[in-house]
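Peer 1: Structure in structure tokens, see below.
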Amino acid sequence: MTKQPTAMFELLPVDSIVLDLKNPRIAKWLEIYEGAPSPEQIELALRSGGGQDDVGGPSYQSLKQSIQTNKGIIHPIIVNREADGKLIVIEGNTRTHIYRELRASDPKGPWNSIPSMVYDQLPLETIDAIRLQAHLVGTREWDPYSKAKYLNLLRNNEHLTFSQLVDFCGGDKREVQNYIEAYNDMEEYYRPILGSDQDFDPSRFSAFVEVQRPRVTEALLKAKFTKTDFSEWVHTQKISPLATVRKLPQILQNDKAKAIFLKSGAQEAIKVLDVPTPESALQDATLEQLARELCKRISAIQYGDLQKLRSRKESPEISVVFDARDALRDLCQDIGYDVE
């Protein structure tokens, strides 16, 4: 039977650790430089590589802010001590580099040593297995509803400020606030309409996050619907898939689409709104081409045209512009950029 490698916990001086510049996350960025990369080049590579220690983790800046707020890391980095005594990071390049940055700006802080799990002379196949588990499998994250429930507890029971919550978990104030409000809406409007707690479906949480968008809330009010009505639509799957919540402003403004929605659901109602374009070139354009053209069109808007748009901001065609804004913001967040 093969003996499993064991690790010892140590507080390692950050200067004694060598970053793993061959790590696949950053190697592709460092290969463009000749010779040994500078600290600045390594930082750029870590940021460009996503700046995440785990799949789906926080951005580089959010992670740095969280570490600074917590005065350290929660999960130790993983290090391999080679035969010559060299200490190579297997998992935790970003966190080690952040410690060095924080030490430079805050010499009196607890940044001289970093919590580490240290292995001795691991074979390459074991190192690869650790990397795969850390970056391709990752830790099991909480589902969004559970995250929101905990954020609500910290905010309303422990009385943490929004700034503290953002510092601890990353993201931005708007996102944290939307999560908390979505959690409370589920408890106040969705849970009471169910036959029993057995029917409560936390996977519907994303719909309640979407309804926090001011445009969606205003559309409900103008059409004289309530969040209880909205909860019924979610429960009876008139809103399915859940992302179609974003289409509610357009649906509720269109009498025909609204009638179809109340009878058959959002997917059928959207068919009334989606008018196919005869321009196949537009349909076949890449995301990059569409984004470039959109930027050009927006930059070329004249003042008079802008005034006309302002006067028609409640119209369906302007609603599509807001839908595009929301979709682009979500895409940027999914890619890994912080969006204020």
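Peer 1: Go through the range 12-25 residue by residue and tally those that are at pLDDT 75 or above and either outside the structural domain of R100 (by TED's automatic domain parsing) or not in a strand (DSSP E or B) (or both). Give the steps one after another, and end with the answer.
Peer 2: Taking the range 12-25 and keeping what is at pLDDT 75 or above, we get 12-21.
Now drop any that are not either outside the structural domain of R100 (by TED's automatic domain parsing) or not in a strand (DSSP E or B) (or both), which leaves 14-16, 19-21.
Residues flagged as at pLDDT 75 or above and either outside the structural domain of R100 (by TED's automatic domain parsing) or not in a strand (DSSP E or B) (or both) within the range 12-25 amount to 6.
Peer 1: Next up: Condition check: of a type in the set (K, R), more than 27 Å from the chain's Cα centre (by Cα) and buried (at least 17 other Cβ atoms within 10 Å of the Cβ). Does K247 satisfy that?
Peer 2: No; evaluated as a whole, the condition is false for this residue.
Peer 1: Among the numbered conditions (1) over 26 Å from the mean Cα position of the chain (by Cα); (2) farther than 17 Å from I318 by Cα, tell me where K222 comes up short.
Peer 2: Here K222 meets the rest and fails (2).
Peer 1: Quick one: in the range 204-222, which of the residues that are in contact with a helix residue (DSSP H, G or I) (Cβ under 8 Å, 6 or more places away or on another chain) and of a type outside the set (A, V, I, L, M, F, W, C) is farthest from W142 (Cα to Cα)? Don't jump to the end; show me each part of the working.
Peer 2: Going residue by residue through the range 204-222, those that are in contact with a helix residue (DSSP H, G or I) (Cβ under 8 Å, 6 or more places away or on another chain) are 204-213, 215-216, 218-220, 222.
Cutting the leftovers down to of a type outside the set (A, V, I, L, M, F, W, C) gives us 204, 206, 210, 212-213, 215, 218, 222.
Values: R204: 15, S206: 14, E210: 19, Q212: 21, R213: 23, R215: 29, E218: 31, K222: 36 Å.
Restricting to residues being in contact with a helix residue (DSSP H, G or I) (Cβ under 8 Å, 6 or more places away or on another chain) and of a type outside the set (A, V, I, L, M, F, W, C), the top hit is K222.
Peer 1: What residue, among those in the range 138-171 that are in contact with a Ser or Thr (Cβ under 9 Å, 6 or more places away or on another chain) and acidic (D, E), is modelled with the lowest pLDDT?
Peer 2: D167
Peer 1: Search the range 178-211 for residues being over 21 Å from V166 (Cβ atoms) and among the polar types (S, T, N, Q), and hand back the single one that is surrounded by the most Cβ atoms within 10 Å (Cβ to Cβ).
Peer 2: Within the range 178-211, the match that is surrounded by the most Cβ atoms within 10 Å (Cβ to Cβ) is S203.
Peer 1: Based on what the data block shows, is V118 surrounded by 21 or more Cβ atoms within 10 Å (Cβ to Cβ) and under 18 Å from V14 (Cβ atoms)?
Peer 2: On the way: surrounded by 21 or more Cβ atoms within 10 Å (Cβ to Cβ): no; under 18 Å from V14 (Cβ atoms): yes.
The answer is no for V118.
Peer 1: Based on this model, can you work out whether L262 counts as in the same structural domain as A219 (by TED's automatic domain parsing) and modelled with pLDDT under 90?
Peer 2: no
Peer 1: I need a count of the residues in the range 160-217 that are farther than 29 Å from Q65 by Cβ and touching a residue at least 60 places away in the same chain (Cβ under 8 Å).
Peer 2: Looking only at that region, the number is 2.
The values are calculated or read from the model by the stated rules, or taken from the named source; none is laboratory data. Values in this document were obtained by computation on a predicted structure and should not be read as measured data. Neighbour counts are summed over all protein chains in view; Cβ atoms, including those assigned to glycine, are modelled from backbone coordinates with ideal geometry.
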